[in-house]
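Single-structure report; data block below.
Since every read-out is calculated from the coordinates, none of them should be taken as a lab result. None of the values given here were measured: they were computed from a predicted structure. Every residue, glycine among them, receives a Cβ derived from its backbone with ideal geometry; neighbour counts consider all protein chains shown.
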Amino acid sequence: MSEIIHTYDELETLVAKSYTNPDVATLRRAYNFASKAHEGEKRLTGQDFIVHPIAVAYKLAEMGLHVNVVIAGLLHDVAEDTSIEIETLKQEFGEDVASLVESVTKLKHSIKYRGTERYAENMRKMFLAMASDVRVVFMKFADRLHNLETLYGQPKHKQQRIARESLDIYAPIAGRLGMSEIKGEIEDASFAYLLPKEYERMKNILNIKVREKGAYVSRIIDSVEKTLVQTSVTDPQVHGRVKRLFSLYKKLNKYQGDLSKIYDLIAVRIIVGDVEECYAVLGLLHKQWRPVPGRIKDYIAQPKPNGYQSLHTTVFTENGEIVEFQIRTQEMHDLAEYGVAAHWRYKEGTHKPMKNTRWMEELAQIQKELQSKKDFMEQLEIMKIDVFKDRIFVFTPQGDVIDLPEGATAIDFAYAIHTEIGNKCSSVTVNNSLRNLDIQLFSGDIVEIITDKNRRGPNPDWLKFAKTRQAREKIKDATSRTVKGWIAGVLKGRERAKKK
């Protein structure tokens, strides 16, 4: 990731251009305040410190967050690195801005542990911050991205730690929030430091493929644009998208290095006015080119668990070339790029929790219950599966979508529906075929759990293949009650025998 140094004037121009009636006067006052507070400070890169808060604020403005958040971005290091108190910020810039700065400061403080304990503490603090005000995490993403851009200024051992932490914690959380742009930037920047040889290899592969296919894809884009001009589609935008490096690396590993199985190295993205036009464009593409069987995905009718919506199709074009298309509205595009953050665009200081941040509140509650670090460490691996694994979405026969971590089994599905469904399940059908309860599920599977009302409870052996925290805890609770009931029955039997 190459570093781009923005000036305050560039930030103000971006805000003035992108926002409706922004409070530019307060933004400039915040810049002057931060500039004076950090005067004389330098970063390890040798740059004036103020370069960092400007970079953070610029990223937040690109995300379209409320000006209060952008202002807080300019001030986010003032309370930590200078003698200025939060109370002073409250008086100068209001309670909302001061609260955001204070939360970011708390997120940075008190991480004094090393190794796995540091990792766990970082996770704990991130979850609690998200549950209280997810805007704090948007600020933390912007802060982390610029720190990754300037990681060359850090000693090697810190480069490795920061990159690993970014890949293991920040990128997956961005993914769960639907922020694919942020997730991709964090992953690629971390990848460059963690696996530099693989990073360069992926760069070379992409460079070669872009040179090979770039001109052809440009011709496809021209062809699509000419077709759409002749229709009633509203101001369509058609452009190419090159696959990110870390995403390519993961997919190549999945396919044992077989590049021919990756169809979306260069994809074509079409942005249109509304949902009806999305489906109309899909029909036009299929009229012009033959779709690849099994590669049509309707994420508009069935959005991904993180809210992502788009139509995907892969087609055979001329000369047998395969090209992937993504079709969406502008709103869908904004949500795909910036996820939950896009909901905050132009909203006056709101930080109302969104529907798909419920999992963060649940995690924060779990951690409040886990008082000791030992307990927290024991739960860490399961939480990493529940929260940070790539997600799949699986259907009930009625068409309801169940959100599960990648690698989840039928037993996880059963407990995700209802505890009693899990406790009483006896068998399962996946896509109308009878299967074992330990079968791994995949996105798009239609799963039906068959229950036995006479069943006493779950089989303890299910713990061997249950992946989610919810399933594992419910199985343990039920089997524990069964054992306690059995012991109580034995003791009662002995008491009766004694009386006789």
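Over region 224-346, the Kirkwood radius and the radius of gyration, each from Cα atoms, give a ratio Rg/Rh of 0.98. Pull up the cross-link candidates among the aspartates and glutamates for K42, meaning alpha carbon to alpha carbon under 19 Å and not fewer than 8 places away within one chain. List returned: E3, D77, E80, D81, D143, E149.
Under 5 Å from the amide H of E406 lie the amide H atoms of D390, R391, I392, each residue being 5 or more positions distant or on a separate chain, with H modelled from the backbone and absent for Pro and chain starts.
Can you bin region 128-189 into rounded, prolate or oblate? Criterion: square roots of the alpha carbon gyration tensor eigenvalues sorted a ≥ b ≥ c, rounded for a/c under 1.5, prolate for a/b above b/c, oblate for the rest. Prolate, because a/c is 1.5 or more and a/b exceeds b/c. Subtracting the Cα-Cα distance of D48 and I4 from 0.36 nm times their residue separation leaves 14.4 nm of extension gain. Taking amide hydrogens as placed 1.01 Å from N in the peptide plane, the amide H of G273 sits under 5 Å from those of T234, each at least 5 positions away in sequence or on another chain.
In region 289-329, which residues have a backbone nitrogen under 16 Å from the label point lying 7 Å from E276's Cα in the Cα-to-Cβ direction? Inside the label zone: 329.
Order by neighbour count: H6, H66, H418, fewest other Cβ atoms within 10 Å first, most last.
On the way: H6 16, H66 22, H418 13.
Fewest-to-most ranking of H6, H66, H418: H418, H6, H66.
When the C-alpha to C-alpha distance is required to be over 21 Å, the pairs from K261/K287; K251/K464; K140/K183; K226/K297 that qualify are K261/K287; K251/K464; K226/K297. FRET efficiency for the D298 to T13 pair, using the beta carbon distance and R₀ = 41 Å, is estimated at 0.55.
Our coupling estimate for region 403-420, obtained by passing each phi through the Karplus curve with A = 6.51, B = -1.76, C = 1.60 and θ = phi - 60°, is 8, 9, x, 4, x, 5, 10, 4, 5, 5, 4, 4, 6, 5, 6, 6, 4, 5 Hz, Gly and Pro reported as x.
Between I450 and K251, what length comes free when the chain is fully extended (0.36 nm per residue of separation minus the Cα-Cα distance, one decimal in nm)? Let's see the in-between values first.
Details: separation 199, 0.36 × 199 = 71.64 nm, distance 3.49 nm.
Residue separation times 0.36 nm, minus the Cα-Cα distance, leaves 68.2 nm.
Under 1.5 on a/c is rounded, so check that first for region 1-87, then, if it is not, pick prolate when a/b is larger than b/c and oblate when it is not; a ≥ b ≥ c are the square roots of the alpha carbon gyration tensor eigenvalues. Oblate is the answer for region 1-87, as a/c is 1.5 or above yet b/c matches or exceeds a/b.
Per residue, the convex hull spanned by the Cα atoms of region 274-346 amounts to 91 cubic angstrom. Overall form of region 124-269: oblate. Here a/c, set by the Cα gyration tensor axes a ≥ b ≥ c, is 1.5 or more, and a/b is not larger than b/c.
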